[in-house]
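Q: Pasting a structure below so you can have a look.
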Amino acid sequence: MKPTFLSYLFGAALAGATVHAAAKPNIVHIVADDLGWKDVGFNGCTDIKTPNLDALAAGGAKFTQFYVQPMCTPTRAALMTGRYPYRYGLQTIVIPGPANYGLDTSEFLLPQCLKEAGYRTAIIGKWHLGHADTKYWPKQRGFDYQYGAMIGELDYYTHSDAGVLDWFRNNQPVKEKGYTTQLLGNDAVKFINEQDPNKPFYLYLAFNAPHTPYQAPPDYLERYQHIKEPTRRTYAAMVACLDDEIGHVVAALEKKGLRNNTLILFHSDNGGTRNAMFAGQMADLSKTVLPCDNGPYREGKGALFEGGCRVAACASWPGHIQAQTVDGLIHAVDIFPTFAGLAGAATAKCKPLDGLNVWDTVAEGKPSPRSEVIYNIEPFRGGVRQGDWKLIWRTLIPTSVDLYNLAEDPYEKNNVAAAHPDKVAAMEARIEALGKEAAKPLALMYIAKVGLAHGKPLLGSVGGKDSAGADDHGLSITDEGIGDPE
C-alpha cells in the first residue's frame, strides 16, 4: 500500500522521538565535600595538583559564580529538590548523627524525576539527608542503586563514626577494607562498565573527601612531603586522591564509548572549612591549622559570606559545552530543572521549584536567567543577593546588617549598609517575607528537644571543687549560626 502523507508524518514523528530519546545524555554529577575554592588548579592552586579536574574545566565551563548553601545537608537537599531548604526545615546546620529527622518524604526528588524519564539512577557516596529511618534512605527516594555512607562524617578506613558502621550497598551494611575515596571511585567505574549504552543513567557521585577526619593513604602523603604544614599536607593528599578517582571515572566513560554523550558536573557542597566549629565532631580541631583555602573569598563553611557559599565548579560535555569561563549566576537549586530539561523529564510532580533551567548559561555562557540568590533564611540570620547587591542580616541581639556590592567588592571588605538605607530596607523586607514562608528549622527543634530534656542535674560543690564547670567548647546560637564559641 502506498504510504499516505499522514503516515509519512507519523513515521517521521516516531523517528524524531527515537532520536530524541537516544540523545538523552548520561549525567555524572560529582560533589566534593568541604573543598576550598582555591584548592583546585583551575582556580589557581599551586601546591595541590588536580590535573583531571583541570582538564574538565579547560575543556568545558569553569564557573565563577556557582552558589550552594553554606553547609552540607542544606546543599544536598537543594540539589535533590530544586527548592531552597528553608521551605522544608533543612536550612540550619546538618542532620546530627543521633537525630531522627530527614528530608520531607513529600518532596519529589531529582532521581525520581529522572527515573520516570527512563534513566537508571545511582548514588555512590554520601547521602546525609536522613538516616535514622529507612524511609529517608536513597533507595526509598528514587535511586535504583546505592553504595556509600548515610551520615555526614566517617572514618576513611573503618567507615564508621563512634564505632557505628556507616557503609551500605542497597540498604545492606558492607564490611570491607579500603579508603573511602578509592572505594567510591572503584564502584563508580564498575557502575559505568555495567551500563547499557542504549539506556541513559544518572550517577550522583558524592565523595566524602576532603571532609574531616583528615586521613590519606601513605603513597599520597609521600607525594606531598614538600608541604611542611602537616594538616595541609594530609589535605593535599586527600584532594589528589579525589582527583585521581575522578580521572578513573572519566577514563571509564571513554573506554565504554560514553564520554561524548555524558555531561559531567563537578562542584563542592560548600566552601572550605575556615572555622573549627564547622570542621566536624570526630576530633577537636580547635588548635589545628585548618588546611582549606578559599582564595580571596571571605570566611568559609557555615558562613553566609562568599567563602561559605561560592564554590569551585566546572562542567564538561564534549561538543555541547563550549570551553569558556562562565560568569552567570547559578545556584544548587538550578541543577534539578537543568538536568530535567536535558533529560526531557516532567517536573509536574514537584512542589514549586526555586531552580531555573540554566543550560544556555552553562553550555554557551549566555546571561543567566537568575538574578537573585537566597543564601539562607533562618530565625537568627538571613542572606540574599539581588543583582550585584548582597545583604546579610543577623537578627539576634545585637543585630547587624552587612551590605556589599559584589561587582565592586567581591571579597566583602567594605560594608556600605550605612550609605544605602533604602537598599537595606528593601532587601530586609525581602528576607522578612521569605521568613514568613519558611518552615521551622528541624535542627533547632531537635536541639531544643534534646537540650531541654529532663536529666540528672549537675550541681557545683562548695568552693567549686568537683563542680560541673562550663565546657570550653559549649555550643551557642550566635551571629553565624549554631555552635559559635561564645
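The values are calculated or read from the model by the stated rules, or taken from the named source; none is laboratory data. Quantities reported herein were computed from a predicted structural model and do not represent experimental measurements. Cβ: placed from backbone, ideal geometry, glycine included. Neighbour counts: every protein chain shown.
Q: Is at least one residue of the stretch 272-295 touching a residue at least 24 places away in the same chain (Cβ under 8 Å), in contact with a strand residue (DSSP E or B) (Cβ under 6 Å, 6 or more places away or on another chain) and not acidic (Asp, Glu)?
A: The answer is no, given that none of the residues of the stretch 272-295 is touching a residue at least 24 places away in the same chain (Cβ under 8 Å), in contact with a strand residue (DSSP E or B) (Cβ under 6 Å, 6 or more places away or on another chain) and not acidic (Asp, Glu).
Q: Sticking with this structure for a sec: Could you go through the stretch 316-328 and let me know if any residue there is out of contact with any Pro (no Cβ under 9 Å at 6 or more places or on another chain), among the β-branched types (Val, Ile, Thr), in a helix (DSSP H, G or I) and surrounded by fewer than 24 Cβ atoms within 10 Å (Cβ to Cβ).
A: no
Q: Something else: Take the residues in the stretch 190-230 that are outside any helix (DSSP H, G or I) and among the polar types (S, T, N, Q); name whichever of them is surrounded by the fewest Cβ atoms within 10 Å (Cβ to Cβ).
A: ASN198
Q: Give the number of residues within the stretch 160-189 that are assigned to a loop (DSSP other than H, G, I, E, B) and of a type outside the set (A, V, I, L, M).
A: Qualifying residue count, the stretch 160-189: 10.
Q: Considering only residues that are farther than 20 Å from THR180 by Cα and of a type in the set (Phe, Trp, Tyr), look in the stretch 118-138 and name the one that is surrounded by the fewest Cβ atoms within 10 Å (Cβ to Cβ).
A: TYR136
Q: Is at least one residue of the stretch 333-348 charged (D, E, K, R) and farther than 17 Å from THR64 by Cβ?
A: No, the stretch 333-348 contains no residue that is charged (D, E, K, R) and farther than 17 Å from THR64 by Cβ.
Q: Let me ask you something else. In the stretch 90-117, which residue that is of a type in the set (Gly, Ala, Ser) and within 27 Å of ALA188 (Cβ to Cβ) is surrounded by the most Cβ atoms within 10 Å (Cβ to Cβ)?
A: The extreme case among them is GLY102.
Q: Now for a different question. What about ASP409, is it free of Cβ contacts under 8 Å to residues at least 40 places away in the same chain and either within 25 Å of the chain's Cα centre (by Cα) or surrounded by 12 or more Cβ atoms within 10 Å (Cβ to Cβ) (or both)?
A: yes
Q: Mind checking whether some residue in the stretch 255-274 is among the polar types (S, T, N, Q), within 19 Å of the chain's Cα centre (by Cα) and part of a loop (DSSP other than H, G, I, E, B)?
A: Within the stretch 255-274, one or more residues are among the polar types (S, T, N, Q), within 19 Å of the chain's Cα centre (by Cα) and part of a loop (DSSP other than H, G, I, E, B).
Q: Go through (1) farther than 22 Å from ILE93 by Cβ; (2) in a loop (DSSP other than H, G, I, E, B) and name the single condition ASP354 misses.
A: Exception for ASP354: condition (1).
Rundown of residues vs (1) touching a Cys at 6+ places or on another chain (Cβ under 8 Å); (2) within 24 Å of PRO217 (Cα to Cα), yes/no style:
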residue: GLY142; (1), (2): yes, no
residue: TYR145; (1), (2): no, no
residue: TYR156; (1), (2): no, yes
residue: ALA162; (1), (2): no, yes
residue: ASP166; (1), (2): no, yes
residue: GLN172; (1), (2): no, no
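Q: Just one of the numbered conditions (1) surrounded by fewer than 24 Cβ atoms within 10 Å (Cβ to Cβ); (2) under 29 Å from ARG232 (Cβ atoms); (3) out of contact with any strand residue (DSSP E or B) (no Cβ under 9 Å at 6 or more places or on another chain) is not true of ALA55; which one?
A: That leaves (3) as the condition not met.
Q: Moving on to the next point. I'd like the full set of residues that are within 28 Å of ASN261 (Cβ to Cβ) and either in contact (Cβ under 8 Å) with a residue 40 or more places away in the chain or touching a Leu at 6+ places or on another chain (Cβ under 7 Å) (or both), limited to the stretch 44-54.
A: Residues satisfying the conditions are THR50, PRO51, ASN52, LEU53.
Q: When residues of the stretch 388-430 are filtered for being in a loop (DSSP other than H, G, I, E, B) and within 21 Å of TYR86 (Cβ to Cβ), how many remain?
A: 3
Q: Checking the condition at pLDDT 95 or above, crowded, with 24+ Cβ neighbours inside 10 Å and of a type in the set (Lys, Arg), which residue from ARG87, ARG83, ARG141 passes?
A: Criteria check complete, one pass: ARG141.
Q: So GLY60 fits all but one of (1) over 17 Å from PHE266 (Cα atoms); (2) modelled with pLDDT of 95 or more; what number is the exception?
A: (1)
Q: Please tell me if PRO70 is more than 19 Å from GLY142 (Cβ to Cβ) and buried (at least 24 other Cβ atoms within 10 Å of the Cβ).
A: Taking the combined requirement at face value, the residue satisfies it.
Q: Mind checking whether some residue in the stretch 195-208 is without any contact (Cβ under 8 Å) to a residue 40 or more places away in the chain and of a type in the set (Gly, Ala, Ser)?
A: Within the stretch 195-208, none of the residues are without any contact (Cβ under 8 Å) to a residue 40 or more places away in the chain and of a type in the set (Gly, Ala, Ser).
Q: List, please: which pairs have Cβ atoms under 7 Å, are six or more places apart or on different chains, and start with a residue in the stretch 327-354 that is free of Cβ contacts under 8 Å to residues at least 40 places away in the same chain and at negative phi and end with one that is among the aromatic types (Phe, Trp, Tyr) and part of a helix (DSSP H, G or I)?
A: THR338/TRP359; GLY341/TRP359
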